[in-house]
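Shown next, in structure tokens, is the structure this report addresses.
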Amino acid sequence: MSDAELQPPPGMADLCAPEIFLWQRVEEVARQLLVRYGFLEVRTPLLERASLFVRAIGEATDVVQKEMYLLQDRGGREMALRPEGTAGVMRWVASGGSDRAEARLYYMGPMFRAERPQAGRRRQFHQIGVEALGPASPAADAECIALQVHLLQAAGLEGFALRINTRGVPADGPSVVAGIRTGLGGRSDALCEDCRRRLAVNPLRVLDCKVPQCRAVADTLPPVTEFMGEGSRRYFDEVLRLLHLLDIPVAHDPRLVRGLDYYVHTIWEITHPALGAQDAVAGGGRYRMQLGGRELEGVGFAIGLERLVLALQKYGVRPDESAVRPRVWIVAADAAQMGDLLVLLQALRRRGVAAGMDLAGRSLKAQMRAANRAGAAWAVIRGAAEAEKGVFILKNMSTGTQEVMDLAELVQRLIEP
RNA sequence: GUGGAUGUAGCUCAGUUGGCAGAGCGCCAGGUUGUGGCCCUGGGUGUCGCGGGUUCGAGCCCCGUCAUCCACCCCA
């Protein structure tokens, strides 16, 4: 049980029933909904050139600096397991993959980050993400958020909170940095060690530090929008106005900062109180990046499936397991019937009936136990006596009553609802 | 990468100041010579995560190691 050889690699999990049913339901709900919004699925490689992520996500980010799984392939190329989904999709778009200028794409699958595992954080984790390409537009951002909220609700999640902020445009950068530095200028000694370093490297990061002293200092700063140009402020106000129109509850959090370099304008995060320390169930934002000489812009989000499922479970959402129960269990009262019953088993399945059978030659009693355990509504029993008369026993597993009938009637009864 | 906690049966976990390794659930068989659930009876050698050390004696104490969980950090 604790044999290290048999454990999955650290932070990676084997997934099966019963949790898998919840995953499958979420995935099905997502596919249905995304089609309704006009998104098409794209599946990109799990392994990409490491340089792709460096360029797209940013050299200085934690994800690139210390969380990527790096490896050399047979040709000596520096490769990385994808730590997120946007970069791969953008590579595909930049390579001419999409024939539409304003492609609407979605993906779902595993991502990899070599972090220390904890509640809601795996080294292999799974995301459902969307990318809506197109020029900056408050309406596009609002639609994207509306879709994400819709998706979470359709999956059965309640009680989540949406926080939103703006990064402005790259041109705002210098004045935002200057504003923060000026605001914090005299009080850098009141900040934690990390924040004093951040102040030099990435001052925005000081805003979302969790150390209480830093918080207190950061709280005295005006919202970052104060340091942005008129255009950025108007853009953000319009996003807020549209979300209000759409009746989507949202809190403006001036301290919300997102880690990846490609974000511009609107950024947001959805948290859930049932989750513990890693409480962001989903996040998103508008982004802009240069890839292969092309400038790509769009808005997108990702939902963390582990976290979504965790939150659903804590809220008592249970998958419906009746869907995987067989309708009928076939029982051979003596081994000589096995061949005929196997034929019946396949005939029923080909007619759409979920059917099961013990194939190991166990006792009648053991087969009946298996029928009960599988949750079958009916059992079909046949031994030498029935075979001789050309009939079958059909037993109702909940009432315990049973009837004798021929093959035609048996099949008819089992096909009926 | 840093810190704290935890590793005992298939699962969940007891195990006293170091002194014969246990319970519940599950599973298998029987009670029912061709019938499940409920009930009764029977069925446990399990590298006490692994490797060292201390001791007459270690599941328990010490060191190391691996793994898991939680938190920092970061993010979905």
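The values are calculated or read from the model by the stated rules, or taken from the named source; none is laboratory data. If you're wondering where the values come from, they're calculated on a predicted model, not measured in any experiment. Glycine gets a Cβ as well: all are built from the backbone with ideal geometry, and neighbour counts include every protein chain shown. To get the accessible areas, we keep the full protein, side chains included, count just its heavy atoms, and leave off ligands, DNA and RNA. Shrake-Rupley method; radii C 1.70, N 1.55, O 1.52, S 1.80 Å.
Over all other residues within a Cβ to Cβ distance under 10 Å of A:ALA282, the charged ones net out to 0, with Lys and Arg as +1 and Asp and Glu as -1. Within chain A, antiparallel bridges make up roughly 80 percent of the DSSP beta bridges whose residues both belong there. Based on C-alpha pairs under 8 angstrom that are at least 6 apart in sequence, the range A:325-415 has a relative contact order of 32 percent. Counting only protein chain heavy atoms and rolling a 1.4 Å probe, the accessible areas of A:TRP23, A:TRP268, A:TRP378, A:TRP92 rank, largest first, as A:TRP92, A:TRP378, A:TRP23, A:TRP268.
With the largest listed first and rounded to whole Å, the semi-axes of the equivalent ellipsoid of chain A from the Cα gyration tensor are 55, 22, 21.
Using a probe of 1.4 Å, the accessible surface attributed to A:THR220 totals some 80 Å² when neighbouring protein chains are kept in position. The charge dipole of the range A:325-415, taken about its Cα centre with unit charges on the Cβ atoms of Lys, Arg (+1), Asp and Glu (-1) only, comes to about 480 debye. Net charge dipole, the range A:75-161: roughly 520 debye, given to the nearest 20, about the Cα centre with Cβ charges of +1 for Lys and Arg and -1 for Asp and Glu. Rounded to the nearest 0.05, what FRET efficiency do A:SER51 and A:ARG197 give with R0 = 35 Å and r taken as the Cβ-Cβ distance? Could you check? The value I calculate is 0.85. Computed over the Cα atoms of the range A:138-201, pair by distinct pair, the Kirkwood hydrodynamic radius stands at 15.2 angstrom. Backbone amide hydrogens, once placed in the peptide plane, bring A:VAL264 within less than 5 Å of A:ARG286, A:TYR287, A:ARG288, excluding anything fewer than 5 places away on its chain. Of A:ARG181, A:ARG91, the order by accessible heavy-atom surface (1.4 Å probe, DNA, RNA and ligands excluded), from most exposed downward, is A:ARG181, A:ARG91. Annotation: average projected area of the range A:134-274 is 9.3 square nanometres, based on the convex hull of Cα atoms across all directions. Think of it as helices only: each DSSP H run of n ≥ 4 in chain A is worth -39500 (n - 2.57), and spread over all residues that comes to -11000 deg cm²/dmol at 222 nm.
Under 5 Å from the amide H of A:ILE330 lie the amide H atoms of A:GLY356, A:MET357, A:ASP358, A:VAL380, each residue being 5 or more positions distant or on a separate chain, with H modelled from the backbone and absent for Pro and chain starts.
Please report the antiparallel percentage of DSSP beta bridges with both residues in the range A:325-415, rounded to the nearest 5. So the antiparallel bridges amount to about 50 percent of the total. What fraction of the Cα pairs in the range A:325-415, stated in percent, has a spacing above 19 angstrom? Summing the P(r) tail past 19 Å for the range A:325-415 gives 29 percent.
Given a 1.4 Å probe and the protein chains as shown, A:SER322 ends up with an accessible area of around 50 Å². Among the protein heavy atoms, those of A:PHE392 account for about 20 Å² of accessible surface (1.4 Å probe, every chain in place).
With every protein chain in place and a 1.4 angstrom probe, the accessible-area ranking of A:VAL211, A:VAL239, largest first, reads A:VAL211, A:VAL239.
Hydrophobic long helices, here whole DSSP H runs in chain A with Kyte-Doolittle means of at least 0.5 and Cα atoms spread over 20 Å or more along the helix axis, are found at A:138-154.
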